[in-house]
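Colleague: Please read through the structure below; I'll follow up with questions.
The values are calculated or read from the model by the stated rules, or taken from the named source; none is laboratory data. It should be emphasised that the depicted structure is a prediction, and the values quoted were computed from it without experimental measurement. Neighbour counts are summed over all protein chains in view; Cβ atoms, including those assigned to glycine, are modelled from backbone coordinates with ideal geometry. In case anyone asks, the SASA skips ligands and DNA or RNA and just uses the protein heavy atoms, side chains included. Shrake-Rupley method; radii C 1.70, N 1.55, O 1.52, S 1.80 Å.
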Amino acid sequence: MSVHFEQVSFAYDDRSLWRHGALADVSLSITPGSFVGIAGITGSGKSTLLQHLNGILKPTAGRVKVLDFTIGAGDKGPLRELRRRVGLVFQFPEQQLFEDTVEKDLCFGPLNFGVPLEEAKDRASRALEMLGLDDSFLPRNPFHLSGGQMRKVAIASILTMEPDIIALDEPTATLDPQSRAELLQLLSRLQREEGKTVIVVTHRIEEMLPYAESWIVMKDGTPIFQGTPAELVREERHLSEAGLALPECIRLWNQLAIKLGLEQEEPCLSAEAIAERVAALYEHEVHPPTWGGGAGDAG
Amino acid sequence: MKDTVLAYELQQVSFAYHPQQQILDNINLRITAGSWVTLVGANGSGKSTLAKLLGGLLAANAGKIYVEGTEMNQESITHLRPRIGMVFQNPDNQFIGATVEEDIAFGLEGRCLPRDEMVERVKRYADKLEIGHLLSKHPAELSGGQKQRVAVAATLAMEPGIVIFDEASSMLDEKARGELQLIMREMSESGGYTIISITHDAEEILASDRAIVLKDGGVAADVSPLELFRNQELLSSCRLIAPFRVRLIQELSSRGIELDPGQDIEEVSEQLCRYISSK
């Protein structure tokens, strides 16, 4: 298991105004090399959950196992190596950047972990390219970039560390829709081709449906659903229960499934897959399409 | 000259943060009072900079900006600025008060309103935004959507004629985003506000009257939202993706199935079922 939570509870100081978003008895597992979506409304504990992955927060009860590290209540353990191997991208990119050039910001992590300068610079350039920004950004001041560009640099700064697990908190919020789709495609590629475990906290479920292999839905600090996309679609009530809006594609598929008796099929969720299925139904071809055919629809 | 009342008129407006890097280049625009205009474009296309110029937070390097007929300059800015409200992306950066009530009152205090009127306005706008029950709450006790409502209430309490939303919905979850959109719709329908919104949200763009597409610091297109979503070339130039419903209709159409876009996904589903059973 890449990540394993055993009855993890976490409480912020009870007198604190920031007490909500705590975790209550969370048990969950994430398989190595998988792409996982975590959904939930503000205050449901999803960001708190993410911060347990590299020991920024430690459980007040229970145990968190990440890669070969175990963190329990009060553990002080060596977190340095864990933090190199688990890259976390926070919600606000402007809070994660601090150097006066993009290159220095991107090199900071690798240099800090003993990577030689030349290799660090090489990684910086490569990470930037992966996010669709060229080398002309290297000498620029990150604080003079647009919000979306800052976000891309913040994500690149995590990739330069070459972590095994990449965990992102609402990574797409400020990006334009095509950059959002491209980022998800990049994460999916890192997962499929380089075996990275990718964990994304999101409230935009629809855009991640083609990529995430499993979903966790959080409510009041507890996972109320863990399963595959197809299960999530069939058990859409969990999304409503968690206070989340149902994506149009799920609403449409479930309505069609009920009216046309398609409940047992793998759901079609992309515009392309639904159109294809409808055309086939009209032609009376009843073979259901294979799951995953929708991944090309993000553009 | 005065046939239609203009909220904004921009004449050859240019702006650069650094001389070697032009952000906006020779922008000409007219925005009718009472309309709802969306500014769209890729990250770094100059949208937020333009919003700051319109809000008077930045001064243009060249060209003229007229707000409701008055040229924006050093002298006029003090009386133009109160006409314009701005709501930003991250409500945390906009929250000033220790409680919701203080936050809404802050701008009014700055304007030296009599106490009675201040109390009345805080209540009226808090009720309007359905946050009346949160007045004594600290910002940390609110959800993202609630905070953004407070930001909108604080802005509207100043009674501006123009409200600029700079990606105000991008940090919100889908539900809160839908609620903010509803508020914007009501504002627009009331006829009392000119709304300028910067957004990547397809549904929000669709709800507006007009989409101005920025690209490389210039206006690349000035079209209706539906035209924008039907024009694939334009969409990719501003890096947008059409809403699911529009994409589905297009995918169906390419397979010879013609549907009416309808009002919502339920209507589309009805039509699809009728289509399939018509065979």
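Colleague: It is to be established whether one or more residues within the range A:12-20 are in a strand (DSSP E or B) and without any contact (Cβ under 8 Å) to a residue 60 or more places away in the chain. First the steps, then the outcome.
Modeller: Here is the first cut: in the range A:12-20, the ones in a strand (DSSP E or B) are none.
No, because not a single residue in the range A:12-20 is in a strand (DSSP E or B) and without any contact (Cβ under 8 Å) to a residue 60 or more places away in the chain.
Colleague: Here is a follow-up. Taking the range B:25-44 only, how many residues are within 14 Å of chain A (Cβ to nearest Cβ), touching a Ser or Thr at 6+ places or on another chain (Cβ under 6 Å) and touching a residue at least 24 places away in the same chain (Cβ under 8 Å)? Show your work before the answer.
Modeller: We begin by selecting, within the range B:25-44, every residue within 14 Å of chain A (Cβ to nearest Cβ); these are B:38-44.
Those still in the list that are touching a Ser or Thr at 6+ places or on another chain (Cβ under 6 Å) too: B:38, B:43-44.
Okay, now just the ones that are also touching a residue at least 24 places away in the same chain (Cβ under 8 Å), so B:38, B:43.
Counting residues in the range B:25-44 that are within 14 Å of chain A (Cβ to nearest Cβ), touching a Ser or Thr at 6+ places or on another chain (Cβ under 6 Å) and touching a residue at least 24 places away in the same chain (Cβ under 8 Å) gives 2.
Colleague: Does B:GLN11 satisfy the criteria of being over 21 Å from the mean Cα position of the chain (by Cα), away from chain A (no Cβ under 14 Å) and open to solvent by 20 Å² or more (accessible area, probe 1.4 Å)?
Modeller: On the way: over 21 Å from the mean Cα position of the chain (by Cα): yes; away from chain A (no Cβ under 14 Å): yes; open to solvent by 20 Å² or more (accessible area, probe 1.4 Å): yes.
Judged against the criteria, B:GLN11 is a match.
Colleague: Just for helices (runs of 4 or more DSSP H) wholly inside the range B:1-118: which have at least 2 residues that are polar (S, T, N, Q)?
Modeller: Working: elements: B:47-54, B:77-80, B:100-110.
Here the list reads B:47-54.
Colleague: Within the range A:169-202, can you find the residues that are free of Cβ contacts under 8 Å to residues at least 40 places away in the same chain and away from chain B (no Cβ under 12 Å)? Lay out the reasoning, then the answer.
Modeller: Restricting attention to the range A:169-202, the residues satisfying the condition of being free of Cβ contacts under 8 Å to residues at least 40 places away in the same chain are A:172, A:175-177, A:180, A:189-190, A:192-194.
Those that are free of Cβ contacts under 8 Å to residues at least 40 places away in the same chain and away from chain B (no Cβ under 12 Å): A:ARG189, A:LEU190, A:ARG192, A:GLU193, A:GLU194.
Colleague: Can you name every residue in the range B:53-91 that is free of Cβ contacts under 8 Å to residues at least 40 places away in the same chain, in contact with a Lys or Arg (Cβ under 7 Å, 6 or more places away or on another chain) and either crowded, with 20+ Cβ neighbours inside 10 Å or under 30 Å from B:GLN146 (Cβ atoms) (or both)? Steps first, answer last, please.
Modeller: First, the residues of the range B:53-91 that are free of Cβ contacts under 8 Å to residues at least 40 places away in the same chain: B:56-57, B:59, B:70-81.
When the remaining residues are screened for being in contact with a Lys or Arg (Cβ under 7 Å, 6 or more places away or on another chain), the result is B:56, B:71.
B:GLY56 - this is the single residue of the range B:53-91 that is free of Cβ contacts under 8 Å to residues at least 40 places away in the same chain, in contact with a Lys or Arg (Cβ under 7 Å, 6 or more places away or on another chain) and either crowded, with 20+ Cβ neighbours inside 10 Å or under 30 Å from B:GLN146 (Cβ atoms) (or both).
Colleague: Test each condition in (1) surrounded by 19 or more Cβ atoms within 10 Å (Cβ to Cβ); (2) modelled with pLDDT of 90 or more; (3) more than 26 Å from A:GLU276 (Cβ to Cβ) for B:SER224 and report the one that comes out false.
Modeller: Here B:SER224 clears every test but (1).
Colleague: Can I ask one more? Let me confirm something: among A:ILE56, A:ILE30, A:ILE71, which residue is farther than 30 Å from B:ALA176 by Cβ, of a type in the set (Val, Ile, Thr) and away from every other protein chain (no Cβ under 14 Å)?
Modeller: Values: A:ILE56 fails: farther than 30 Å from B:ALA176 by Cβ; A:ILE30 fails: farther than 30 Å from B:ALA176 by Cβ.
The conditions single out A:ILE71.
Colleague: Conditions first: (1) on the phi > 0 side of the Ramachandran plot; (2) surrounded by fewer than 22 Cβ atoms within 10 Å (Cβ to Cβ). A:SER34 passes all but one, so which condition is the exception?
Modeller: (1)
Colleague: Identify all residues within the range B:157-201 that are more than 9 Å from chain A (Cβ to nearest Cβ), aliphatic (A, V, I, L, M) and in contact (Cβ under 8 Å) with a residue 40 or more places away in the chain; write none if there are none.
Modeller: Listed by number, the residues that qualify are B:ALA157, B:MET158, B:ILE162, B:VAL163, B:ILE164, B:ALA168, B:ILE183, B:MET184, B:ILE195, B:ILE196, B:ILE198.
Colleague: Under 7 Å between Cβ atoms, at least 6 apart or on separate chains: pull out the pairs that start in the range B:223-243 with a residue that is within 11 Å of another protein chain (Cβ to nearest Cβ) and end on any residue that is among the acidic types (Asp, Glu) and open to solvent by 30 Å² or more (accessible area, probe 1.4 Å).
Modeller: Hits for this filter: B:PRO243/B:GLU203.
Colleague: A:ASP25 is checked against (1) surrounded by 19 or more Cβ atoms within 10 Å (Cβ to Cβ); (2) charged (D, E, K, R); (3) on the phi > 0 side of the Ramachandran plot and fails just one. What number does that condition carry?
Modeller: For A:ASP25, the exception is condition (1).
Colleague: A further question follows. Taking into account only those residues within the range A:161-175 that are closer than 27 Å to B:GLU167 by Cα and out of contact with any Gly (no Cβ under 6 Å at 6 or more places or on another chain), which is surrounded by the most Cβ atoms within 10 Å (Cβ to Cβ)? Full working, then the answer.
Modeller: At the first step, the residues of the range A:161-175 found to be closer than 27 Å to B:GLU167 by Cα are A:166-175.
Adding the requirement that they be out of contact with any Gly (no Cβ under 6 Å at 6 or more places or on another chain) leaves A:167-173.
Working: A:ALA167: 28, A:LEU168: 23, A:ASP169: 20, A:GLU170: 22, A:PRO171: 25, A:THR172: 24, A:ALA173: 24.
Per the stated criteria, the residue is A:ALA167.
Colleague: Could we say that A:GLY62 is in contact with a strand residue (DSSP E or B) (Cβ under 9 Å, 6 or more places away or on another chain) and open to solvent by 10 Å² or more (accessible area, probe 1.4 Å) here? Explain how you work it out, then say what you get.
Modeller: On the way: in contact with a strand residue (DSSP E or B) (Cβ under 9 Å, 6 or more places away or on another chain): yes; open to solvent by 10 Å² or more (accessible area, probe 1.4 Å): yes.
For A:GLY62, the condition - in contact with a strand residue (DSSP E or B) (Cβ under 9 Å, 6 or more places away or on another chain) and open to solvent by 10 Å² or more (accessible area, probe 1.4 Å) - is met.
Colleague: Here's another thing I want to ask about it. If A:ILE158 satisfies all but one of (1) open to solvent by less than 30 Å² (accessible area, probe 1.4 Å); (2) in contact with a strand residue (DSSP E or B) (Cβ under 6 Å, 6 or more places away or on another chain); (3) without any contact (Cβ under 8 Å) to a residue 60 or more places away in the chain, what's the number of the condition it fails?
Modeller: Of (1) open to solvent by less than 30 Å² (accessible area, probe 1.4 Å); (2) in contact with a strand residue (DSSP E or B) (Cβ under 6 Å, 6 or more places away or on another chain); (3) without any contact (Cβ under 8 Å) to a residue 60 or more places away in the chain, only one is false for A:ILE158: (3).
Colleague: Looking at the range A:104-116, is at least one residue in a helix (DSSP H, G or I), within 14 Å of another protein chain (Cβ to nearest Cβ) and surrounded by fewer than 18 Cβ atoms within 10 Å (Cβ to Cβ)?
Modeller: Filtering the range A:104-116 down to residues in a helix (DSSP H, G or I) leaves A:104-112.
Filter once more, keeping what is within 14 Å of another protein chain (Cβ to nearest Cβ): none.
Checking the range A:104-116: not a single residue is in a helix (DSSP H, G or I), within 14 Å of another protein chain (Cβ to nearest Cβ) and surrounded by fewer than 18 Cβ atoms within 10 Å (Cβ to Cβ).
Colleague: Collect the residues in the range A:203-217 that are outside any loop (DSSP other than H, G, I, E, B) and either β-branched (Val, Ile, Thr) or more than 11 Å from chain B (Cβ to nearest Cβ) (or both), keeping them in residue-number order. Walk me through it before giving the result.
Modeller: Here is the first cut: in the range A:203-217, the ones outside any loop (DSSP other than H, G, I, E, B) are A:205-208, A:214-217.
Scanning the range A:203-217 gives A:ILE205, A:MET208, A:SER214, A:TRP215, A:ILE216, A:VAL217.
Colleague: Looking at the structure I just gave you, is B:LEU228 in a helix (DSSP H, G or I) and within 20 Å of B:LEU24 (Cβ to Cβ)? Steps first, please.
Modeller: Working: in a helix (DSSP H, G or I): yes; within 20 Å of B:LEU24 (Cβ to Cβ): no.
Spelling it out, it is not the case that B:LEU228 is in a helix (DSSP H, G or I) and within 20 Å of B:LEU24 (Cβ to Cβ).
Colleague: Within the range B:249-279, count every residue that is at the interface with chain A (Cβ under 8 Å from one of its Cβ atoms), assigned to a helix (DSSP H, G or I) and open to solvent by less than 60 Å² (accessible area, probe 1.4 Å).
Modeller: 9
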